[in-house]
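Step one of this worksheet: look at the structure below.
What follows draws every value from the coordinates through simple rules; no lab data is involved. All figures in this text were calculated on a predicted structure; none of them were measured in a lab. Quick reminder, even Gly has a Cβ in these numbers, built from the backbone with ideal geometry, and neighbours come from all protein chains shown.
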Amino acid sequence: MHKTHINMNVQSPEDLIQHQCLVFHHSLSYVKSMALKCAVELGIPNAIHRHGGSATLSDIVAGTGLPVSRLPYVQRLMNFLSICGVFTESNPPAAVTDGKKGEAVVYKTPMSRLLIDDGNKLSSLSCLVQFVVNPLLVNTFFDMHTWLKDEQASSTKSFFEMTHGCGRFEMAKSNADDNAMFNNAMVAASQITMEVILREAGCDIFGGLSSLVDVGGGHGAASAAISAAFPHVKCSVLDLPHVVDKAPADGTVQFIAGDMFEFIPKADAVLLKWVLHCWDDQDCVKILRLCREAIVPAREAVGKVIIIDIVMGAGSSQDTLSKETRALTDLYMMHLNGVERDERGWEKVIREAGFCDYKIVLVTALYSVIEAYP
Ligand code: SAH
């Protein structure tokens, strides 16, 4: 018999099983991401939506164009995703009619509704799933422990760089598919985020401005939303040339190709949305200093830098889902040497960059809005 160091006297058999179950659960958790990605790639949220919001497994197989023989596998996938709350599933009817067993019906949920990309790909979070659950990113996490052990390497390189030999944004520059996936994911996620911010605190944040520069603004989703809600605010987007080159130009937002470490155009306000969490404190202070210089000569009376990012630990909503999601995002940002800051972390970089004061204007489970005043 094998010797075991697990002492049965310390943990009861029930506890041992429970804790073993937890180890299984945590180790297998990546399968959840993969299952979600699989459903998105197959277009299952679209198929259920097209079928009126609920569909049998046969409808899903037909609606996604899968071979009929795949039905038992789709059943297992849908069963798992329904247990996770991505979809809901009714029990199959017990009665057998005409020798045919009834089928379970799968329903869309408010969450899976966000994954429907029929018609407009960029209005759906399916692009975000495809971006995050992607070998290019997932592979980097296999190097996390090696990176942590190697003090020399980890002080100069992110583990993304360790895996791929180039920085996160250099990869997007040289890999067209990655560039498209990155920008699309940001647009899709930004549209939802901005809808909430504009509804909750839009007037207070953007109402008094006449111009705004969206630094690291990607394809301009945030600027387009601000400009639609406040047409008197002249919005421009500064981003790297490979991003701006592919940006859709509808005339409402002006795109400027450049490097935010070198030059930031002048405006009443600078928006930094999901930018500063990509950088360590030193780079963050450099960016904030240049932003401060860009607003001060523009209009000192109203000038401000608007930061949209997570504030760890902020707000009364400390439920497990938001706590774990924020902590997951923080770990996720580690792959490119980024970090999610708590209020003290934000105050430190804001003050170091020379700002006199700051205010946290809005707090949600996933992001907050901070205003920094010169
Ligand atoms: N603000 C956008 C995108 C955030 S992702 C949104 O919220 O959706 C970070 C962005 O910073 C990317 O678009 C990236 O291309 C841009 N970026 C990275 N380094 C930059 C630099 N040196 N100068 C300008 N933009 C940069």
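Each residue in region 110-157 was checked for being part of a helix (DSSP H, G or I), among the hydroxyl-bearing types (Ser, Thr, Tyr) and touching a residue at least 12 places away in the same chain (Cβ under 8 Å), and 5 pass.
The single condition from (1) away from the ligand (no atom under 16 Å from the Cβ); (2) under 20 Å from the mean Cα position of the chain (by Cα); (3) acidic (Asp, Glu) that Glu151 fails is (2). Met194 falls short on exactly one of the conditions (1) in contact with a Leu (Cβ under 9 Å, 6 or more places away or on another chain); (2) closer than 25 Å to Val369 by Cβ, and that condition is (1). Within region 327-345, the only residue that satisfies the criterion of being in contact with a strand residue (DSSP E or B) (Cβ under 6 Å, 6 or more places away or on another chain) and either under 13 Å from Leu288 (Cα atoms) or buried (at least 20 other Cβ atoms within 10 Å of the Cβ) (or both) is Glu340.
The single condition from (1) more than 30 Å from Arg113 (Cβ to Cβ); (2) within 16 Å of the ligand (Cβ to nearest atom); (3) small (Gly, Ala, Ser); (4) in contact with a helix residue (DSSP H, G or I) (Cβ under 7 Å, 6 or more places away or on another chain) that Ala185 fails is (1).
For (1) outside any helix (DSSP H, G or I); (2) within 13 Å of Val105 (Cβ to Cβ), each residue gets a yes or a no:
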site	(1), (2)
Cys38	no, no
Asn46	no, no
His49	no, no
Gly52	yes, yes
Ile60	no, yes
Leu71	no, no
Val74	no, no
Leu77	no, no
Phe80	no, no
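Candidates in region 158-182 are the residues that are without any contact (Cβ under 8 Å) to a residue 40 or more places away in the chain and of a type in the set (Ser, Thr, Tyr); of these, the one that is nearest to the ligand (Cβ to nearest atom) is Ser174.
Of the residues making up region 221-229, one or more are out of contact with any helix residue (DSSP H, G or I) (no Cβ under 7 Å at 6 or more places or on another chain) and within 13 Å of the ligand (Cβ to nearest atom).
Take the residues in region 267-325 that are of a type in the set (D, E, K, R) and in contact with a Pro (Cβ under 8 Å, 6 or more places away or on another chain); name whichever of them is farthest from the ligand (Cβ to nearest atom). Among them, the one singled out is Glu300.
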